[in-house]
Amino acid sequence: MPISFPQLLQDSWNFIRNHSQFSLTAIGLLLAIQLLATFVLTNLMASNSTASLLPSLLIGIGNIFISVLLVLNINDINAGTFQSFFQNTGKALTKLLPAILLYIIMGLPLSFAMSSILFGNISGSGANIFSLPLLAIGIFVFVRLNLSTYVFLVENYRVGQAVKFMWQLAKGKMAVLFAYTLLANLLPILIAALVGRLGDNVAIMVLSFMISAFLSLFTTIFGFRFYQTIRPKKLS
């Protein structure tokens, strides 16, 4: 069955419109964590603190927790069992560490490749002969496992099962997975960069935060819809 990305994008927008209370709560949480991140990190930099790693790490974990909670809630809405936004808080907490591990598994090869290229540029030696192959491998792994968190949360698999299932599911689907990755990961970054070019005043910063929060929710819903589309029907 061919993938219609325009239809998936439209379905994701319709989901936000049809579940406005859920969507507003989600956007509010995402906006709050962005404001918290800005406030905490700005104060740390202003005080010349060298201990900014821990707050950054905690904020990153907070973002992953919200993402996990969103996917669990979207799954319940899809199943008709959703009652309140925070009904899955306990479940999201139990799923948090495995979800973090999945993010590490799918992103580590790409992070390693990018670090290698960055280190070569900083040291002045430039990219070595292994940089491009490492980058290609990193992108391949990231794209192939990009939906593994959805597999883990929707199918209730263990981490190893989710990785194995997604790796097999991606066979013959790398083109559409690559297109999805561009839409879900790269496009929001480009939009945020364009908004940032409008200026650096408070109004632009707040607008940027609001757009970023909306895009985080939208891409989470979009990812869920996309996974539903490529998910084997025999699991239903």
### Query
Which pairs, out of 91/171; 91/173; 173/233, put more than 21 Å between their alpha-carbon atoms?
91/171; 91/173
### Message
Which one, 151, 68, 195, has the greatest fluctuation when you compute a Gaussian network model over the chain with C-alpha springs under 10 angstrom?
### Response
195
### Those aspartates and glutamates that a straight Cα-Cα span of less than 18 Å connects to residue 164, excepting residues fewer than 8 apart in one chain
155
### Task
Report ³J(HN,Hα) in whole Hz for each residue of segment 144-153, in order, from the Karplus equation J = 6.51 cos²θ - 1.76 cosθ + 1.60 where θ = phi - 60°; Gly and Pro get x.
5, 9, 4, 9, 5, 5, 5, 4, 4, 7
### Task
Taking all protein chains together and a probe of 1.4 Å, list 216, 115, 23 from the most accessible to the least accessible.
115, 216, 23
### Portion, in percent, of the accessible area of the chain that falls on carbon or sulfur, probe 1.4 Å
69
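Rounded, prolate or oblate, given the Cα gyration tensor of the chain, with a/c below 1.5 counting as rounded?
Judged from the Cα gyration tensor, the chain comes out oblate (a/c at least 1.5, b/c at or above a/b).
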### Ellipticity estimate at 222 nm from DSSP helix runs (n ≥ 4, -39,500 (n - 2.57)) divided over the chain, nearest 500
-26000 deg cm²/dmol
### Query
Along the three principal axes, how long is segment 92-208 when you take its alpha carbons, biggest first, rounded to the nearest angstrom?
44, 42, 29
### Query
Just 201, 78, 88 to compare: in a GNM of the chain, with alpha carbon springs under 10 Å, which one fluctuates most?
201
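The values are calculated or read from the model by the stated rules, or taken from the named source; none is laboratory data. None of the values given here were measured: they were computed from a predicted structure. Calculation scope for accessible area: heavy atoms of the full protein, side chains included, ligands and nucleic acids excluded. Shrake-Rupley method; radii C 1.70, N 1.55, O 1.52, S 1.80 Å.
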